[in-house]
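Encoded as structure tokens, the structure appears first; notes follow it.
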Amino acid sequence: MFVITVDARRCDGCASCVQACPMDVLIIEAEKASPARPELCMCCQLCEVDCPNQAITVREA
Ligand code: SF4
Ligand code: SF4
């Protein structure tokens with residue numbers, strides 16, 4: 001299991017992370033990224049790489 005953290009102060013809801021995620025883990029909710037299906041995360045970190053605001057981080061629990 002991996003822990004996905006979104007910094008709401010940095011996230012502008014651009015959805016780049018949603019599009020980057022190959023496992024459909026992320027959604028946009030109230031204009032912020034949200035890990036709707038964290039159990040599917042494989043820690044590829046493509047969401048981190050594609051976020052223009054360094055708003056999302058993924059680490060091992
Ligand atoms: S680390 Fe990979 S699988 Fe996990 S949320 Fe980010 S893009 Fe999706
Ligand atoms: S890519 Fe970054 S700024 Fe854009 S929605 Fe995802 S976490 Fe937020």
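Of the residues making up region 46-61, those that are without any contact (Cβ under 8 Å) to a residue 40 or more places away in the chain and among the aliphatic types (A, V, I, L, M) number 2. The set of residues in region 2-28 being assigned to a strand (DSSP E or B), within 12 Å of ligand 2 (Cβ to nearest atom) and among the hydrophobic types (A, V, I, L, M, F, W, C) consists of Ile4, Val6, Leu26, Ile27, Ile28. Checking the stated criteria, Asp12 turns out not to satisfy the condition of being within 9 Å of ligand 1 (Cβ to nearest atom), charged (D, E, K, R) and either buried (at least 17 other Cβ atoms within 10 Å of the Cβ) or in contact (Cβ under 8 Å) with a residue 12 or more places away in the chain (or both). Per the conditions (1) more than 9 Å from ligand 1 (Cβ to nearest atom); (2) within 9 Å of the chain's Cα centre (by Cα), the sole criterion not satisfied by Gln54 is (2). Scanning region 29-54 for residues that are in a helix (DSSP H, G or I) and acidic (Asp, Glu) gives Glu39, Glu48, Asp50. Being within 9 Å of ligand 1 (Cβ to nearest atom) and either over 10 Å from the mean Cα position of the chain (by Cα) or exposed (fewer than 12 other Cβ atoms within 10 Å of the Cβ) (or both) is a description that applies to Asp24. Give the residues of region 35-45 that are under 10 Å from the mean Cα position of the chain (by Cα) and either buried (at least 17 other Cβ atoms within 10 Å of the Cβ) or touching a residue at least 40 places away in the same chain (Cβ under 8 Å) (or both), sorted by residue number. Hits for region 35-45 are Pro35, Cys41. When Ala30 is tested against the conditions (1) touching a strand residue (DSSP E or B) at 6+ places or on another chain (Cβ under 8 Å); (2) exposed (fewer than 14 other Cβ atoms within 10 Å of the Cβ); (3) free of Cβ contacts under 8 Å to residues at least 12 places away in the same chain, the lone failure is (1).
Any read-out appearing in this document is the output of simple, stated calculations on the displayed coordinates, not a laboratory observation. Computed from a predicted model, the values in this text were never measured in an experiment. Counting neighbours? That spans all protein chains shown, and the Cβs are built from the backbone with ideal geometry, glycine included.
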